[in-house]
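Please read the structure below before turning to the comments.
The values are calculated or read from the model by the stated rules, or taken from the named source; none is laboratory data. Computed from a predicted model, the values in this text were never measured in an experiment. With ideal geometry, Cβ positions are generated from the backbone for all residues, glycine too; neighbour counts draw on all protein chains shown. Heavy atoms of the whole protein, side chains included, go into the accessibility calculation; ligands, DNA and RNA do not. Shrake-Rupley method; radii C 1.70, N 1.55, O 1.52, S 1.80 Å.
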Amino acid sequence: LLEEGGISAVTMEAVAARAKVGKPTIYRSWPNARALAMATLMEADSAPTNVRETASPLADLERQLLKVVDKFATKRGGQVRLMLAAAEQDSEIAKGFRNQVILKSRVEGRDLLTRAIDAGDIRADANIEIALDMIYGPLFYRVLIGHLPLDEAFAKGLLREVLRGLRPTG
């Protein structure tokens, strides 16, 4: 239904008819059509970015950011953005996005930054949680607000600027 008609095509009636079940069956798992649609979108994008580990954790981090950007450059990514714009902060839709996208990205990023510290590419005293906020905050801000393009140039520039403050001196 999402592929055929977008978010507006996802109604509890349409899902029940397509699945050949009664609406109560659908309501047992999802409180409304928006939550069901977001669950579907999140499921499709829930796989980790699976950045292959190389000798350069910072290059791996750049590839991970580019994969996140690529996810939201698609039609499906645009649908997620529209749903998030209409969602309340503590709704199931917002919680699903936070858990399936933001937190998973941060876990991968944390691992990559830890490897970069171990490799001497980032200062040992760097605050990883703040660094993660500096990297992913602007990225997801553009996902949610859409005021400027979310593209490769942005992702690379963002990482370059953040790393400028994290690199060892001297």
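Worth pointing out:
- Each part gets one Cα centre, and for the range 109-154 versus the range 1-41 those centres are 35 Å apart.
- Whole-number percent relative contact order across the chain, with pairs defined as alpha carbons under 8 Å at least 6 apart: 22 percent
- Using alpha carbons only, the radius of gyration of the range 81-153 set against its Kirkwood radius gives Rg/Rh = 1.05.
- Convex hull (Cα only) mean projected area of the range 122-170, reported in nm² to one decimal: 3.6 nm²
- Protein accessible area in the range 1-149, 1.4 Å probe - carbon and sulfur %: 55 percent
- Residue separation of T169 and L148 scaled by 0.36 nm, minus their Cα-Cα distance, works out to 4.3 nm of gained length.
- What the Cβ-Cβ distance of T25 and A94 gives, at R0 = 25 Å and to the nearest 0.05, is a FRET efficiency of 0.50.
- Report summary: the helix-based calculation at 222 nm, which adds -39500 (n - 2.57) for every DSSP H run with n ≥ 4 and divides by the residues of the chain, gives -20000 deg cm²/dmol.
- A simple spin-label model places the labels of Y141 and K67 2.5 nm from each other, with each point 7 Å out along Cα-to-Cβ.
- Quotient of the Cα radius of gyration of the chain and 2.2 N^0.38 Å, N being its number of residues: 1.20.
- By the rule of a C-alpha distance below 25 Å, with chain neighbours fewer than 8 residues away ignored, the lysines paired with K104 are K67, K71, K75, K95, K156.
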